[in-house]
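Structure first, then comments.
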Protein chains: 2
Amino acid sequence: MTILNDLAYVKKEVEKRLEEFLDEKISEASEISPSSREMMNTLKDFVLRGGKRLRAALVYYGYCCFHGEAGDAVWDAAMSIELVQSFLLIHDDIIDEDTTRRGGPTIHQRYHDLHLERYTRRDPRHFGESLAIICGDLALALANEILGNMPCNARFKSKTIVAMNRMIHRVVYGECLDILSEVENETTEEEIHMMYRLKAAAYTIECPLHMGALMAGGTKKDLERLSAYAIPLGEAFQIQDDILGMFGDEEKLGKPIGSDIREGKKTFLIVKALEKVHLPQREFIKNVLGKRDLSDGDLKTIKEIVVDTGSLDYSRELAQRLIEEARGALGNYTLRKEGKDFLAGIIEFIVQREY
Amino acid sequence: MTILNDLAYVKKEVEKRLEEFLDEKISEASEISPSSREMMNTLKDFVLRGGKRLRAALVYYGYCCFHGEAGDAVWDAAMSIELVQSFLLIHDDIIDEDTTRRGGPTIHQRYHDLHLERYTRRDPRHFGESLAIICGDLALALANEILGNMPCNARFKSKTIVAMNRMIHRVVYGECLDILSEVENETTEEEIHMMYRLKAAAYTIECPLHMGALMAGGTKKDLERLSAYAIPLGEAFQIQDDILGMFGDEEKLGKPIGSDIREGKKTFLIVKALEKVHLPQREFIKNVLGKRDLSDGDLKTIKEIVVDTGSLDYSRELAQRLIEEARGALGNYTLRKEGKDFLAGIIEFIVQREY
């Protein structure tokens with residue numbers, strides 16, 4: 001699949017640049033104190049630990065959809081979005097109390113363990129969370145610093161900065177809905193749509209594409225058209241994520257199956273199942289949602305309910321419909337071949353992905 | 001004192017603009033969901049709850065030191081630094097486990113209370129902290145959005161964005177030292193100097209001044225000269241803060257006396273006292289540092305030790321020396337009168353302040 005080569009190309013380019021940039025920052029931090037150096041090292045390790053770099057690729061190929069003249073500055077924008085991704089994951093992991101991410105410890109877990117090794121005073125958990133909060137803040141400040149320094153058309157640069165930071169508002173709103181959905185009794189399908197649109201569609205697909213387009217001088221009309229492709233595709237992506245998180249392969253996924261259940265997340269899979277089931281099963285679902293020590297048996301039962309109620313099929317069909325919508329939006333739209341091929345490829349990639 | 005009028009002028013202007021801006025954001029948030037609206041309202045309340053707006057004033061008068069042509073955009077930069085201040089306070093308050101700020105509840109405390117009112121599921125503390133983390137993130141994204149949108153010279157704008165975000169790295173490094181000083185056995189005077197330089201001097205005085213100067217097209221040389229004034233003044237400001245926090249008037253201060261002790265903060269007052277005292281008092285200090293339920297008697301004893309060891313005098317003299325240094329740096333420097341008068345006035349303000 002060409003798309004895999006395209007993704008691999010961006011991954012290589014953006015990681016090379018991130019490594020250089022973060023090494024420079026480690027030198028700067030070393031002049032301040034050993035603890036600053038340690039934090040920057042920790043952040044570098046986290047940022048470079050992997051991921052598909054889908055967002056960076058969307059910035060790059062979003063740019064390639066148009067005749068841009070930003071040169072290497074587009075890689076700066078791609079680096080920025082990856083730093084924003086790290087910032088969001090670091091804070092998200094505190095909120096979700098996750099201990100592993102991308103096959104290694106989360107930042108708060110790492111500082112928690114470091115406390116256990118070195119110190120006796122104060123609480124290791126609070127210590128870990130405190131340092132992870134500011135480590136995430138650092139990643140966001142680095143992302144904005146890079147954008148501010150981009151050597152390119154100043155008007156396009158300003159628009160890119162505004163787009164990225166406005167996207168962060170939307171992610172925060174999505175996260176807020178998400179946190180509330182875990183404590184509230186009822187979550188409506190509409191709220192889940194909104195959450196997916198804010199947290200996944202706007203952030204994972206639309207914003208990176210817009211950033212790339214803006215770097216190339218894309219117009220308001222261009223952005224709207226890209227959104228018509230990005231929003232349904234992003235929602236489909238999130239629904240796929242939910243399905244993989246429950247029915248996927250733990251090894252390929254890099255995170256434990258069922259973590260959404262353990263965290264009490266209301267996904268389409270769960271909300272649709274809740275609509276269909278009768279009282280005893282309904283109570284069962286409500287009881288295991290948010291259960292940190294979910295047993296394999298509980299998980300198996302939940303999966304059976306999701307299959308038997310038709311909720312899995314519903315989610316699959318919804319994802320399929322959204323993907324068709326994205327495909328239709330893209331088909332009608334004249335773009336440079338290099339960019340458009342990638343956007344078409346990413347649709348197929350999302351349909352087929354297993355991680 | 002003219003300086004009070006100058007501060008009052010900036011406070012009025014910047015708060016009026018912040019209110020307008022945040023009201024617009026509340027409208028935007030309302031279209032998304034009630035929880036987004038609630039978060040933006042909570043943030044607005046926090047941002048507008050007060051403070052001297054010293055940083056906004058330094059942006060404005062830093063700009064007035066030069067012949068700038070940024071017009072109203074300088075107020076955007078002033079708003080931004082106040083939003084950054086809120087972002088930092090919100091995260092700091094989680095880290096320090098503070099429940100009140102600016103005469104009202106901290107953000108995490110507010111969401112904690114809201115959880116107790118409305119929900120039964122999950123832990124109110126974690127709920128409060130989670131929402132406060134993302135509410136702080138929102139404030140930082142808003143600050144960067146405002147800077148990105150400033151209608152002014154694009155080169156100056158880029159430099160201002162970079163300056164603000166680079167300052168945030170330094171605050172993070174300072175905070176990191178601060179968190180470590182609470183768990184480590186020994187903190188050196190040099191580490192405290194570094195912490196004060198990063199957290200107070202660079203952030204409270206130097207960065208806002210630089211932002212103002214950059215908005216007016218200030219050169220590298222200008223920034224260096226402003227730093228020669230800002231860094232010693234900022235350190236003196238922090239030392240004053242420590243003294244007021246232990247010997248000041250609780251009502252004027254708006255926060256409880258002795259909170260540094262309760263949080264286990266290593267200030268000059270404490271580190272110098274530890275150097276001088278003998279074993280039983282040394283043990284006493286180490287035992288009460290970080291003691292959440294510090295008694296009035298404990299606090300009185302600590303204050304006596306700080307006075308008797310000459311540590312209070314040491315801090316006062318150090319602050320005085322730093323202030324002389326700032327005065328000297330400013331005296332040699334040709335600047336526009338409106339700006340320079342304010343910078344001179346702020347020295348006297350800091351010498352005399354009681355809150």
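The values are calculated or read from the model by the stated rules, or taken from the named source; none is laboratory data. All of these numbers come straight from a predicted model, not from anything done at the bench. Counting neighbours? That spans all protein chains shown, and the Cβs are built from the backbone with ideal geometry, glycine included.
For A:THR42, indicate whether it is touching a residue at least 24 places away in the same chain (Cβ under 8 Å), over 17 Å from the mean Cα position of the chain (by Cα), within 14 Å of another protein chain (Cβ to nearest Cβ) and farther than 18 Å from A:ILE146 by Cα.
Considered against the rule, which asks whether it is touching a residue at least 24 places away in the same chain (Cβ under 8 Å), over 17 Å from the mean Cα position of the chain (by Cα), within 14 Å of another protein chain (Cβ to nearest Cβ) and farther than 18 Å from A:ILE146 by Cα, A:THR42 comes out as yes.
Sort through B:THR187, B:THR204 and tell me the only one that's touching a residue at least 60 places away in the same chain (Cβ under 8 Å), of a type in the set (S, T, N, Q) and out of contact with any Ser or Thr (no Cβ under 6 Å at 6 or more places or on another chain).
The conditions single out B:THR204.
What are the residues in the range B:171-197 that are among the aliphatic types (A, V, I, L, M) and within 7 Å of chain A (Cβ to nearest Cβ), if any?
Within the range B:171-197, B:VAL172, B:LEU177, B:ILE179, B:LEU180, B:VAL183, B:MET194 qualify.
Would you mention how many residues in the range B:5-21 are touching a residue at least 40 places away in the same chain (Cβ under 8 Å) and either within 14 Å of another protein chain (Cβ to nearest Cβ) or of a type in the set (A, V, I, L, M) (or both)?
5
Considering each residue of the range A:156-175, count those that are of a type outside the set (A, V, I, L, M) and within 14 Å of A:VAL74 (Cα to Cα), and give that number.
Total satisfying the criteria: 5.
Count, please, the residues in the range B:97-138 that happen to be β-branched (Val, Ile, Thr), surrounded by fewer than 23 Cβ atoms within 10 Å (Cβ to Cβ) and at the interface with chain A (Cβ under 10 Å from one of its Cβ atoms).
Qualifying residue count for the region: 1.
Is it the case that some residue within the range A:253-262 is over 30 Å from A:GLU206 (Cα atoms), of a type in the set (Asp, Glu) and in a helix (DSSP H, G or I)?
no
Can A:ILE168 be described as within 7 Å of another protein chain (Cβ to nearest Cβ), surrounded by 24 or more Cβ atoms within 10 Å (Cβ to Cβ), under 24 Å from the mean Cα position of the chain (by Cα) and in contact (Cβ under 8 Å) with a residue 60 or more places away in the chain?
Against the criterion (within 7 Å of another protein chain (Cβ to nearest Cβ), surrounded by 24 or more Cβ atoms within 10 Å (Cβ to Cβ), under 24 Å from the mean Cα position of the chain (by Cα) and in contact (Cβ under 8 Å) with a residue 60 or more places away in the chain), A:ILE168 qualifies.
Conditions tested, residue by residue: (1) modelled with pLDDT under 95; (2) in contact with a strand residue (DSSP E or B) (Cβ under 7 Å, 6 or more places away or on another chain); (3) under 13 Å from A:GLY136 (Cβ atoms); (4) not in a strand (DSSP E or B).
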| position | (1), (2), (3), (4) |
| --- | --- |
| A:ALA77 | no, no, no, yes |
| A:ILE81 | no, no, no, yes |
| A:GLN85 | no, no, yes, yes |
| A:HIS91 | no, no, yes, yes |
| A:ILE94 | no, no, yes, yes |
| A:ASP98 | yes, no, no, yes |
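Select from the range B:290-328 the residues that are free of Cβ contacts under 8 Å to residues at least 60 places away in the same chain and among the aliphatic types (A, V, I, L, M) and write down the one among them that is farthest from B:PHE247 (Cα to Cα).
Among them, the one singled out is B:LEU294.
Could you figure out which of (1) at pLDDT 95 or above; (2) among the charged types (D, E, K, R); (3) in contact with a Leu (Cβ under 7 Å, 6 or more places away or on another chain) isn't true of B:GLU191?
(1)
Within the range B:143-162, track down each residue that is of a type in the set (A, V, I, L, M) and at the interface with another protein chain (Cβ under 7 Å from one of its Cβ atoms).
Result: B:ALA154, B:ILE161, B:VAL162.
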